[in-house]
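All remarks here apply to the structure that follows.
Each value in this text was obtained by applying a stated rule to the coordinates, not by laboratory testing. Small disclaimer: the values here were computed from a predicted structure and weren't measured. Cβ: placed from backbone, ideal geometry, glycine included. Neighbour counts: every protein chain shown.
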Amino acid sequence: MSPVCGFESRTGCKNTSDHYVDGLPRPVAVMRQGRAKVLKLPRVAVAAAATATVLSTVVATANAAVPTDTTELRDAVTADAIMDHLAELQKIADNNGDTRASGTAGYDASVDYIEDLLVAAGYEVTRQNFLFNSFRELSEPVFEQVSPNEVTYVPNVDFFTAEYSGSGDVEAPLQAVDLVLPPGEEANTSNSGCEPEDFADFVDGNIALVQRGTCDFSVKAHNAFVAGAVGVIIFNEGQEGRTETLAATLGDAFSDGLPVIGTSFEIGNELAALLAEGEVVIHLATETLIELDVPTQNLIAETPTGRDDRVVMAGAHLDSVPAGPGINDNGSGSAALLEIALQMAELDVEPRNAVRFAWWGAEEAGLIGSQFYVDSLTKSEAKDIELYLNFDMIGSPNYARFVYDGDGSAFGIRGPAGSHAIEEVFEEFFASQGLASEPTAFDGRSDYDAFITAGIPAGGLFTGAEDNKTADQVPLYGGLATFGGEVVAYDPCYHQACDSLDPVADGADADLYEALNAAYDGALEYNGVISNVNTQGLEEMSDAVAHAVLLYAMSTSSVSGTGKASDQATVATGDRLGTHFRR
């Protein structure tokens with residue numbers, strides 16, 4: 001027969017006859033390649049009724065006919081081992097321009113590192129190649145108020161260059177575009193800049209001040225460009241959860257040649273108030289490079305045993321932002337999945353259902369790798385995926401325990417049927433350990449987006465990014481809500497060079513990190529140095545990850561996916577793109 005290959009593999013293609021096991025179809029998109037070493041299966045202990053624990057009761061509620069004891073795997077997966085993997089990723093970044101962004105040598109070396117370990121452990125490993133448009137900043141951006149006051153805003157604190165912004169150095173009057181101030185009670189009350197008519201009286205050569213809401217940032221920026229704007233400032237909308245500094249993306253299809261930045265509601269509101277009193281002159285400067293059709297890849301590793309018609313997927317994006325090594329975002333999720341996969345092999349875990357681990361490329365460019373993967377699946381291949389578990393940032397230094405809101409009860413955005421069951425697995429696991437958790441919106445911000453849009457049940461964990469920890473959360477998770485009179489983010493080094501194993505050396509506030517480390521009794525330290533990863537949080541979250549992966553690997557029943565996307569999930573898609581806001 002002619003070979004059929006969907007992915008590049010070290011060992012080449014296999015015959016189509018190899019796509020069937022015990023009469024069951026094997027997904028073509030992730031073909032299994034033969035390895036000399038076969039992953040063994042340590043029969044996972046099934047908890048007996050006489051020794052049932054609170055945890056085994058939790059497992060029994062997760063659609064398994066018998067409770068599965070996940071203790072052995074959880075004990076084998078340690079924060080120390082995960083941190084050792086992170087040290088290797090840090091070393092890779094150090095040797096490759098301080099970044100592991102997709103399309104760079106640092107990303108390629110990260111893929112090699114993980115692939116080599118998985119192949120040695122007996123997994124069937126493939127790479128899925130694809131092209132994307134890469135983005136990077138070539139110099140530090142500038143955002144200044146020239147008049148009526150002289151104010152210099154701080155990059156990566158007061159503002160971010162929007163990903164895929166054009167280049168430019170302009171000084172011009174600022175002009176507000178259809179703002180809603182004070183902001184409406186509900187998100188997306190504002191549609192500032194969403195219609196060409198919003199720019200009917202716009203003065204050619206001005207800088208546009210637009211407000212977040214309703215449409216994609218690319219639409220706002222493009223409408224401003226067509227109207228003659230020489231720069232765009234997009235500020236957050238103003239409701240709870242929409243006040244922080246925007247780290248916006250325009251998407252890799254954006255091509256208009258003007259500087260676009262995102263800023264906070266506070267700064268946008270201040271500028272709007274000044275405009276009400278008279279002219280405001282702004283200086284904006286960005287120098288960016290967008291390269292087209294850059295090659296990169298996803299890395300897929302699958303257990304050689306288990307049902308191919310009930311595949312359990314667990315994924316994490318492997319790429320960093322261009323600005324830094326991405327040790328928390330998302331080295332933490334990637335390293336945790338790697339260690340779980342290795343320990344499953346070491347313990348000879350024999351799953352009832354095939355487990356497919358994925359390390360996604362180009363997430364930071366807009367969820368491109370995971371979307372490419374899902375788009376490449378046939379209808380039957382997609383149906384064979386029982387569920388998808390996503391782990392993006394699970395070691396934030398000032399962490400909280402967030403669980404994706406699969407049933408939509410907290411945020412009104414639910415995943416496909418079955419997502420609620422995944423949410424319950426995580427919630428009940430944390431409860432069994434005496435740990436608090438809370439929901440986070442299923443808003444399309446990470447790689448689960450393509451799966452829920454395709455109707456595949458999904459869930460996962462998150463420890464927080466640029467948002468600020470509240471005073472109410474400190475008794476639940478530890479850490480700091482304020483320091484020196486300022487609020488403290490879950491990850492103060494989010495999307496910066498200091499997302500590393502030595503954040504202070506890489507530009508972080510030394511006093512803040514000393515205080516965070518003290519608040520967590522030294523949990524930020526690795527080899528005597530304060531890092532951007534909280535090992536206490538990493539231990540708790542990786543336990544939950546290992547628990548869920550093994551639970552579903554051994555499950556004998558379905559989580560009840562519908563095969564079609566939730567209407568709410570589809571509507572929500574695009575509110576965020578990658579770990580940046582899209583609208």
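Things worth noting here:
- Here the Karplus curve 6.51 cos²θ - 1.76 cosθ + 1.60, taken at θ = phi - 60°, turns the phi angles of the stretch 270-286 into couplings of 4, 5, 5, 5, 5, 5, 5, 9, x, 6, 10, 10, 10, 10, 10, 8, 9 Hz, with x standing for Gly and Pro.
- Think of the stretch 509-559 as a dipole: +1 on every Lys or Arg Cβ, -1 on every Asp or Glu Cβ, centred on the Cα centre; then among Leu551, Ala518, Val533, Leu551 lies furthest on the positive end.
- Measuring r between the beta carbons of Leu138 and Asp521 and using R0 = 45 Å, the FRET efficiency lands at 0.60.
- Considering only alpha-carbon pairs that sit under 8 angstrom and 6 or more positions apart, the relative contact order computed for the stretch 268-400 is 36 percent.
- In this structure the amide hydrogen of Arg310, modeled in the peptide plane, comes within under 5 Å of the amide hydrogens of Ala354, none closer than 5 places in sequence on its chain.
- Relative to the 2.2 N^0.38 Å rule of thumb, the stretch 78-127 has a C-alpha radius of gyration ratio of 1.20.
- Short-range pairs are left out: with C-alpha atoms under 8 Å and at least six residues apart, the relative contact order of the stretch 209-280 is 33 percent.
- For Val226, Val425, the sequence from fewest to most other C-beta atoms within 10 Å is Val226, Val425.
- Each of Leu342, Leu275 has some number of other Cβ atoms within 10 Å of its Cβ, and from fewest to most they run Leu275, Leu342.
- Fully extending the segment from Asp511 to Ala410 would add 32.8 nm, taking 0.36 nm per residue of separation and subtracting the current Cα-Cα distance.
- Exposure proxy ranking, count of Cβ atoms within 10 Å, fewest first, for Thr152, Thr303: Thr152, Thr303
- Extension gain, Glu279 to Ala481, is 69.0 nm, computed as 0.36 nm per intervening residue step minus the present C-alpha separation.
- Long-range amide H partners of Phe442 with built H, under 5 Å: Asp405, Ile413
- Asp472/Lys91 FRET efficiency (R0 30 Å; Cβ-Cβ; nearest 0.05): 0.15
- Sorting the segments 537-545, 197-205 by their residues' average number of neighbouring beta-carbon atoms within 10 angstrom, most packed first, yields 537-545, 197-205.
- Distance between the 7 Å Cα→Cβ label points at Thr152 and Ala436: 4.1 nm.
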